[in-house]
Amino acid sequence: MSPLKANAISAGIPVMSNNSPRVGCGAVLLRGDELLLIQRLKEPEAGCWSLVGGKVEWQDTVEETIIRETQEEVGVTIRALSLLTVVDLMNADHGYHWVSPIYLVEAFEGDATLMEPDKHGAVGWFPLDALPQPLAIGVQAAVSALSRRASSSRVR
């Protein structure tokens, strides 16, 4: 095992054993102009405010994963969603590459509650123009995609 991989494993960072990307996914839940975020406690992006979501398990679709992870992490039931954007989270020094489809949740039920305090420090709704810092890369990409979508709908 390389020293880099050993250091990553000891730091608790998910490491690819075959240099293949893994698939994770994120859910953009909006309540008016507020975005639901969770604060990550674990790598990658520990300490960052992130979208609800997680890794895609063997034989699960991305949509099934988003629905499951949203229920598990914040107790919210998704009723409808559509693809918003796709993000690559890569860091060769830390040995990871995640490909992350991010979906816009178009309908959901329930009140968001912190369900996994061992994985997340907090959960909250934040105005799109006053998001907490630091933001995970997926959140940054999702906010940009939402802005592009809003701009293109105004042009029509």
Matching option when the condition is closer than 18 Å to A46 by Cβ, of a type outside the set (V, I, T) and not in a loop (DSSP other than H, G, I, E, B), among A107, A141, A122: A122
Any hit, the range 93-114, residues being at pLDDT below 95, closer than 12 Å to C25 by Cβ and touching a strand residue (DSSP E or B) at 6+ places or on another chain (Cβ under 9 Å): yes
Where A8 falls short, out of the listed (1) buried (at least 19 other Cβ atoms within 10 Å of the Cβ); (2) under 18 Å from P134 (Cα atoms); (3) at pLDDT below 95: (2)
Single unsatisfied condition, P117 versus (1) without any contact (Cβ under 8 Å) to a residue 24 or more places away in the chain; (2) part of a strand (DSSP E or B): (2)
For L131: the one exception among (1) closer than 14 Å to L35 by Cβ; (2) part of a strand (DSSP E or B): (2)
Single residue of the range 60-86 satisfying the filter (assigned to a strand (DSSP E or B) and of a type outside the set (V, I, T)) that is nearest to S147 (Cα to Cα): L84
Failed item in (1) in a strand (DSSP E or B); (2) modelled with pLDDT of 95 or more, with L89 passing the rest: (2)
Test: residue in the range 116-132 that is touching a Gly at 6+ places or on another chain (Cβ under 6 Å), modelled with pLDDT of 95 or more, within 30 Å of N19 (Cβ to Cβ) and among the charged types (D, E, K, R): no
Filter result (at positive phi and either in contact with a His (Cβ under 9 Å, 6 or more places away or on another chain) or part of a strand (DSSP E or B) (or both)) within the range 33-53: G53
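The values are calculated or read from the model by the stated rules, or taken from the named source; none is laboratory data. None of the values given here were measured: they were computed from a predicted structure. Using ideal geometry, Cβ is built from the backbone for each residue, glycine included, and neighbour counts are taken over all protein chains shown.
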